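The values are calculated or read from the model by the stated rules, or taken from the named source; none is laboratory data. Just so we're clear, the structure is a prediction, and the values are computed from it rather than from any experiment. Methodologically, a virtual Cβ is constructed for each residue, glycine included, from the backbone with ideal geometry; neighbour enumeration extends over all protein chains shown.
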Amino acid sequence: MAAPGKGLEGVVAAETAISDIDGKEGVLSYVGYDIHDLAPNATFEETCYLLHNLELPTEQQLDEIKEQLGREREPNDFVMDLMPQLAQNTAPMSMLRTACSASSANDPDGWDTSEEANYRKAMRLIAVFPTLVAYYDRLRNDQPLVRPDSGLSLAANFLYMLKGDKADDAEARIFDICLTLHADHTMNASTFAARVCAATLSDIHSAVTAGIAALKGPLHGGANEQVMRMIKEIRNLGGAGKARDYTIDKLRNKVKVMGFGHRVYKTEDPRATHLRRMAKELAEKSGDGSNYEISQEIERAVMDEKGIYPNVDFYAASVYGYLRIPTDLFTPVFACSRVSGWTAHVREQYADNRLIRPDHAYVGPERRSWKALSQR
Ligand code: SDX
């Protein structure tokens with residue numbers, strides 16, 4: 001068991017009004033609205049508005065944010081010139097980290113750091129991320145770019161640009177719910193990274209770039225991709241009938257099973273509840289339940305062996321797989337949602353800022369005198 005406070009466990013790093021978690025009860029809320037109310041009812045555009053304005057939008061306000069997100073979907077020319085090289089030479093999350101940073105170059109608001117300019121920059125980042133991910137995939141597969149359709153929701157437009165045809169309403173709605181489920185999560189590692197950067201009064205693009213860099217790791221946002229690789233490995237071994245032994249073997253060899261466990265939740269991650277249900281729905285719709293069945297066997301084995309629950313990444317993998325999103329785009333898709341939370345937290349940090357600079361516990365050698373080279 002980790003030493004108390006290691007990894008800042010249990011340390012309150014900042015006050016926030018954007019989201020809250022009760023890890024014991026398994027409750028997640030955005031500005032007071034329970035995720036179990038938001039998932040079935042909210043669109044991702046409503047969620048973006050809520051995180052940034054701390055209120056649900058009126059019909060007029062929702063129309064305005066949909067129009068604003070709809071018109072800002074194309075990357076600027078500087079970024080577009082980079083995309084072919086990024087598509088051929090970089091991994092997806094490296095592309096996103098680079099393209100996010102590069103998109104500050106020609107931002108219409110330049111280096112204006114006013115509250116109004118930062119809100120516009122936040123909307124531009126939320127709008128452009130799905131296009132960057134879809135263009136990256138089209139370019140690396142030598143497929144023609146599918147330009148954004150401003151008439152589609154952010155969720156439906158991503159699936160359209162990625163696949164080249166309009167997703168059916170059920171799939172588009174499931175992906176829309178995934179975006180709301182992944183949008184924010186209090187002081188997770190990538191949001192904290194973004195806030196630390198913002199607290200130095202660095203710019204919003206730099207802070208979001210820091211968030212992307214942190215999300216990339218397999219202990220954080222990178223887990224969903226690892227989950228799908230595990231599912232594929234089990235499929236190759238023979239499918240659901242092999243899942244239990246495979247999982248128990250990993251656990252008994254002290255290998256972490258990706259998609260399980262959480263620093264805060266000590267019961268089911270409420271997001272997993274919705275993702276499990278949607279994975280089941282998509283499995284039935286597709287007529288191929290194997291990924292879902294394998295997931296269920298893994299879940300049962302981890303619970304029986306370690307009493308650990310699935311987190312947001314576990315069933316997200318099956319959902320994205322059934323939506324025919326390439327496995328190495330799972331984490332970039334997470335970023336397409338979490339950029340809404342990152343930018344909301346960055347603006348909240350700017351609004352009531354103090355440099356984030358924690359203390360340390362020194363465990364190195366006692367103070368000692370200099371030794372000349374000849375004496376070492
Ligand atoms: C996300 O923080 C957030 O909010 C993140 C996130 C968000 O929305 O932003 O929720 C998104 O990042 C979800 C987590 C995705 N990562 C994974 O699925 C990777 C696998 N999970 C583990 O690495 C782990 O559970 C963490 C990193 C998520 C949490 O790690 P902690 O709190 O540091 O827990 P730990 O590593 O100290 O483990 C505590 C115990 C240990 O057992 P003992 O050694 O005490 O016997 O639980 C065990 C661990 O071995 N354990 C696991 C496990 N996770 C914890 N054992 C096997 N498989 C696992 N996945």
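Which pairs turn up if I take residues in the stretch 301-316 that are at pLDDT 95 or above and look for partners that are among the basic types (Lys, Arg) and not in a helix (DSSP H, G or I) with beta carbon separation below 9 Å, at least 6 apart in sequence or on another chain?
Matching pairs, first to second residue: Tyr309/Lys266.
Looking at the stretch 246-264, I want the residues that are of a type in the set (S, T, N, Q) and have a partner that is assigned to a loop (DSSP other than H, G, I, E, B) and near the ligand (Cβ under 9 Å from one of its atoms) with Cβ atoms under 7 Å, at least 6 apart or on another chain. Which pairs are those?
Thr247/Val257
Just to check your reading of the model, which residue among Arg263, Arg276, Arg300, Arg271 is in a helix (DSSP H, G or I) and near the ligand (Cβ under 10 Å from one of its atoms)?
Of Arg263, Arg276, Arg300, Arg271, the one residue that is in a helix (DSSP H, G or I) and near the ligand (Cβ under 10 Å from one of its atoms) is Arg271.
Checking Thr200 against (1) more than 11 Å from the ligand (Cβ to nearest atom); (2) out of contact with any Leu (no Cβ under 8 Å at 6 or more places or on another chain); (3) farther than 17 Å from Ile18 by Cβ: exactly one of these is not met. Which one?
Just one mismatch for Thr200, condition (2).
Which residue is nearest to Ala39 (Cα to Cα), if the candidates are limited to the stretch 165-197 and must be basic (Lys, Arg) and more than 14 Å from the ligand (Cβ to nearest atom)?
Selected residue: Arg173.
For Ile231, work out the one condition from (1) touching a residue at least 60 places away in the same chain (Cβ under 8 Å); (2) assigned to a helix (DSSP H, G or I); (3) within 11 Å of the ligand (Cβ to nearest atom); (4) farther than 26 Å from Asp165 by Cα it doesn't fulfil.
With respect to (1) touching a residue at least 60 places away in the same chain (Cβ under 8 Å); (2) assigned to a helix (DSSP H, G or I); (3) within 11 Å of the ligand (Cβ to nearest atom); (4) farther than 26 Å from Asp165 by Cα, Ile231 is out only on (3).
May I ask you to list the residues in the stretch 63-83 that are touching a residue at least 24 places away in the same chain (Cβ under 8 Å) and over 24 Å from the mean Cα position of the chain (by Cα)?
Asp77, Phe78
Select, from Ile356, Ile325, the only residue that is assigned to a loop (DSSP other than H, G, I, E, B), closer than 28 Å to Glu46 by Cβ and among the hydrophobic types (A, V, I, L, M, F, W, C).
Step by step, each of Ile356, Ile325 is checked, and only Ile325 is assigned to a loop (DSSP other than H, G, I, E, B), closer than 28 Å to Glu46 by Cβ and among the hydrophobic types (A, V, I, L, M, F, W, C).
Do we find that Arg357 is free of Cβ contacts under 8 Å to residues at least 24 places away in the same chain and either among the aliphatic types (A, V, I, L, M) or over 18 Å from Thr180 (Cβ atoms) (or both) in this structure?
Criteria met by Arg357.
All but one of (1) surrounded by fewer than 24 Cβ atoms within 10 Å (Cβ to Cβ); (2) within 25 Å of Lys6 (Cβ to Cβ); (3) in contact with a helix residue (DSSP H, G or I) (Cβ under 7 Å, 6 or more places away or on another chain) hold for His360; which doesn't?
(3)
Would you pick out the residues in the stretch 62-98 that are assigned to a helix (DSSP H, G or I) and among the polar types (S, T, N, Q)?
Matches in the stretch 62-98: Gln68, Gln85, Gln88, Asn89, Ser94, Thr98.
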